[in-house]
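Student: I'd like to ask some things about the structure below.
The values are calculated or read from the model by the stated rules, or taken from the named source; none is laboratory data. Bear in mind the structure is a predicted one, so any value in this text is a computation, not a measurement. Cβ coordinates were reconstructed from backbone atoms using ideal geometry, including for glycine residues, and neighbour counts include every protein chain displayed.
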Ligand SMILES: Cc1cc2nc3c(=O)[nH]c(=O)nc-3n(C[C@H](O)[C@H](O)[C@H](O)COP(=O)(O)OP(=O)(O)OC[C@H]3O[C@@H](n4cnc5c(N)ncnc54)[C@H](O)[C@@H]3O)c2cc1C
Ligand code: SF4
C-alpha cells in the first residue's frame with residue numbers, strides 16, 4: 001500500500017484535528033486539508049453543556065489548540081464550508097461553495113446532528129445543543145427564562161438540567177427510561193443520578209414521553225405528557241439523542257446504516273476512513289457494529305486512522321471511557337456496561353457521594369464506574385476482564 | 001521538552017497517567033492532573049506527546065525549545 005500524497009478531512013472538530021496532528025507527528029509531509037461546516041477553529045464540545053452554559057468559563061477557553069500550534073501543523077483550513085457530495089470512484093468531494101476537492105485519502109469526521117421529535121412544530125424557545133452557536137443561543141434565552149423543560153435524560157440532558165438548576169431555573173427533566181442515564185449506566189446506578197437531581201430540586205418525569213410541544217404565538221409555552229398532564233415552559237431543550245451527520249454521503253455507495261460502516265481498522269472503502277461519533281465499526285466485545293459518542297473515542301480512533309493512512313493495519317480495540325459532570329459530581333466510566341450487566345458498589349458509599357462500582361456480566365468485570373472518585377476508578381481499570389469472584393467488597 | 005498542564009481545563013480522566021505515569025499523576029480528592037516532571041528525559045517524549053493528543057480536555061501541551 002502506498003502512502004497518499006494528500007489527506008482530506010471532512011469535519012473540523014476533535015476527530016479531524018487529531019488525525020492531522022497524529023499524521024504530522026509521524027512525519028507525514030503531504031498536504032492536509034480540513035473542511036468544516038462551522039466557521040470556528042476546532043473547539044471542544046464537553047464544556048458546552050457545563051462551563052459554557054453556566055458561564056463559569058470564558059468562551060475562548062474551549063478552543064482545542066492555540067493559533068500558534070495550529071499554524072505549526074501546516075493544515076489548510078476550509079472553514080464555513082460544507083462537504084456536500086462524495087464520489088469515491090473519482091476520489092473527489094464536492095463542497096457547497098462549488099469546489100471539487102480531490103483526495104488521496106479521505107477521513108470522514110462529521111459527527112452528529114441532534115434528533116428532532118416526530119412531528120416537531122417550529123416554535124421559538126425550543127433548543128438543541130450540539131455546537132458552540134447552539135450553546136450561546138440557549139444561554140442567551142435562559143437569561144430571561146424561569147421554567148425550563150429538558151427532554152431526554154441521557155448524559156447531555158442531565159448536564160443541561162444541572163446547568164439550568166445551577167442558574168436558578170425551575171427545571172423539569174423528562175425521559176422514557178425508568179431512571180436518568182439508564183442507557184449509559186444501567187438503572188441501578190441511574191437511581192443515584194435521579195436522587196442527585198431531585199436533591200437539587202429538579203422535577204423528574206421518568207418512564208414517560210413528551211406527547212406534544214404546545215405553543216402560543218409561535219413560541220413554546222408548555223409540553224404535554226400522557227394523561228393530559230401539562231408542564232409549562234419558557235424554554236424547552238431537546239436532548240433526545242443525535243443521528244450521524246451522513247446526509248452528505250447519500251449516493252456515495254458507503255454503508256450508511258446508522259453512521260459510516262467501517263471494518264475493524266476503521267476503513268469504510270479504499271482510502272476512505274471514518275473517526276469519531278459518526279464511525280460505526282465491529283466492536284470487539286459484541287457481534288454487532290456500533291458507534292461510541294465519547295470524547296476519547298474520537299481521539300483514539302484518530303490515532304489508529306492516522307497510522308492506517310500511513311500504511312499500518314491497526315485494529316481499533318479500545319477500552320471505552322466517558323465522563324459527565326453534573327453539579328459538583330463527576331461520573332466516570334472505564335469499560336463497557338453491557339445491557340445485561342449488574343452493577344455493584346465495591347468501595348465508598350452512594351449516600352456519601354463518593355464510590356466505586358463495578359459492572360459484571362457473565363462473571364467478568366466489564367466496567368469500572370467512579371462517582372467522585374477519579375483516581376479510584378482509573379486504578380480499577382486493571383480489574384476489567386477479571387473474574388468477579390476474585391474481587392471482594394471492602395465493606 | 002517542557003511540559004505544561006492547565007489544571008482549570010483538566011477533567012480528571014487520567015489518560016495522561018495511563019500514557020506516561022512517570023510524568024503525570026492525579027490529585028486524590030478530585031483527580032486533577034499533577035505534573036511530576038516538567039522536563040522529562042528524551043525516552044519519555046513520545047509518551048508525553050501521546051498524552052497531549054489523548055487528553056480529553058486539551059489541558060496538556062509541550063514546548064520543544066527549552
Ligand atoms: C454538549 C456536549 C457535551 C459533551 N460532553 C461529553 C462529556 O462530558 N464526556 C464525553 O466523553 N463526551 C462528551 N461529548 C461527546 C464529544 O464531544 C464527542 O464525542 C466529540 O465531539 C466527537 O468528535 P467528532 O470529531 O467525532 O465530531 P464533532 O465534534 O461532532 O464534530 C463534527 C464536525 O463536523 C462538522 N460537519 C458536519 N457535517 C459536515 C459536512 N457535511 N461538511 C463539513 N463539516 C461537517 C460539524 O459542524 C462539526 O464541527 C459531548 C458532546 C456534546 C455535544
Ligand atoms: S488526561 Fe488531561 S484531563 Fe485527564 S487528567 Fe490528564 S490532564 Fe487532566
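Student: Does region A:116-124 include one or more residues that are near ligand 1 (Cβ under 10 Å from one of its atoms), within 23 Å of residue A:49 (Cα to Cα) and more than 14 Å from chain B (Cβ to nearest Cβ)?
Tutor: Taking every residue of region A:116-124 in turn, none turns out to be near ligand 1 (Cβ under 10 Å from one of its atoms), within 23 Å of residue A:49 (Cα to Cα) and more than 14 Å from chain B (Cβ to nearest Cβ).
Student: Could you tell me whether any residue of region A:311-319 is in contact (Cβ under 8 Å) with a residue 12 or more places away in the chain, within 13 Å of chain B (Cβ to nearest Cβ) and within 14 Å of ligand 1 (Cβ to nearest atom)?
Tutor: Yes, there is a match, as at least one residue in region A:311-319 is in contact (Cβ under 8 Å) with a residue 12 or more places away in the chain, within 13 Å of chain B (Cβ to nearest Cβ) and within 14 Å of ligand 1 (Cβ to nearest atom).
Student: Inside region A:214-318, counting only strands (runs of 3 or more DSSP E) that do not spill past its ends, which hold 1 or more residues that are within 29 Å of residue A:116 (Cβ to Cβ), modelled with pLDDT of 95 or more and over 18 Å from the mean Cα position of the chain (by Cα)?
Tutor: A:219-225, A:229-232, A:235-238, A:267-269, A:272-274
Student: Restricting to region B:43-59, count the residues that are in contact (Cβ under 8 Å) with a residue 12 or more places away in the chain and part of a helix (DSSP H, G or I).
Tutor: 8
Student: Further, regarding this structure: Could you figure out which of (1) more than 26 Å from residue A:248 (Cα to Cα); (2) within 12 Å of chain B (Cβ to nearest Cβ) isn't true of residue A:18?
Tutor: Here residue A:18 clears every test but (1).
Student: Looking at this structure, is residue A:155 assigned by TED's automatic domain parsing to the domain that holds residue A:234, farther than 20 Å from residue A:323 by Cα and buried (at least 19 other Cβ atoms within 10 Å of the Cβ)?
Tutor: no
Student: Something else now. Does residue A:69 satisfy the criteria of being out of contact with any strand residue (DSSP E or B) (no Cβ under 6 Å at 6 or more places or on another chain) and within 13 Å of another protein chain (Cβ to nearest Cβ)?
Tutor: Against the criterion (out of contact with any strand residue (DSSP E or B) (no Cβ under 6 Å at 6 or more places or on another chain) and within 13 Å of another protein chain (Cβ to nearest Cβ)), residue A:69 qualifies.
Student: If you go through region A:183-193 one residue at a time, do you hit one that is within 14 Å of chain B (Cβ to nearest Cβ), crowded, with 23+ Cβ neighbours inside 10 Å and within 15 Å of ligand 1 (Cβ to nearest atom)?
Tutor: Checked region A:183-193: no residue is within 14 Å of chain B (Cβ to nearest Cβ), crowded, with 23+ Cβ neighbours inside 10 Å and within 15 Å of ligand 1 (Cβ to nearest atom).
Student: So which residues in region B:26-40 are assigned to a loop (DSSP other than H, G, I, E, B) and without any contact (Cβ under 8 Å) to a residue 24 or more places away in the chain, if there are any at all?
Tutor: Answer for region B:26-40, where residues must be assigned to a loop (DSSP other than H, G, I, E, B) and without any contact (Cβ under 8 Å) to a residue 24 or more places away in the chain: B:27, B:28, B:29, B:30, B:31, B:36.
Student: Can you tell me how many residues in region A:201-258 are loosely packed, with under 15 Cβ neighbours inside 10 Å and touching a helix residue (DSSP H, G or I) at 6+ places or on another chain (Cβ under 8 Å)?
Tutor: Of the residues in region A:201-258, 1 are loosely packed, with under 15 Cβ neighbours inside 10 Å and touching a helix residue (DSSP H, G or I) at 6+ places or on another chain (Cβ under 8 Å).
Student: Follow-up. With the requirement that a residue be away from ligand 2 (no atom under 16 Å from the Cβ), crowded, with 17+ Cβ neighbours inside 10 Å and part of a loop (DSSP other than H, G, I, E, B), what does region A:42-78 give you?
Tutor: A:42, A:75
Student: Continuing with the same structure: Can you name the condition, by its number, that residue A:19 falls short on among (1) in contact with a helix residue (DSSP H, G or I) (Cβ under 6 Å, 6 or more places away or on another chain); (2) under 21 Å from residue A:305 (Cβ atoms); (3) within 8 Å of ligand 1 (Cβ to nearest atom)?
Tutor: Status for residue A:19: all satisfied but (3).
Student: Is it the case that region B:7-25 has a residue that's in contact (Cβ under 8 Å) with a residue 40 or more places away in the chain, surrounded by fewer than 21 Cβ atoms within 10 Å (Cβ to Cβ) and more than 10 Å from chain A (Cβ to nearest Cβ)?
Tutor: Yes, region B:7-25 contains at least one residue that is in contact (Cβ under 8 Å) with a residue 40 or more places away in the chain, surrounded by fewer than 21 Cβ atoms within 10 Å (Cβ to Cβ) and more than 10 Å from chain A (Cβ to nearest Cβ).
Student: Right, something else. Within region B:33-50, can you find the residues that are touching a strand residue (DSSP E or B) at 6+ places or on another chain (Cβ under 7 Å) and away from chain A (no Cβ under 11 Å)?
Tutor: Passing the criteria: B:35, B:36, B:38, B:39, B:40, B:48.
Student: Across region A:10-32, what is the total count of residues that are part of a strand (DSSP E or B) and either within 16 Å of ligand 2 (Cβ to nearest atom) or within 24 Å of the chain's Cα centre (by Cα) (or both)?
Tutor: Within region A:10-32, residues that are part of a strand (DSSP E or B) and either within 16 Å of ligand 2 (Cβ to nearest atom) or within 24 Å of the chain's Cα centre (by Cα) (or both) number 1.
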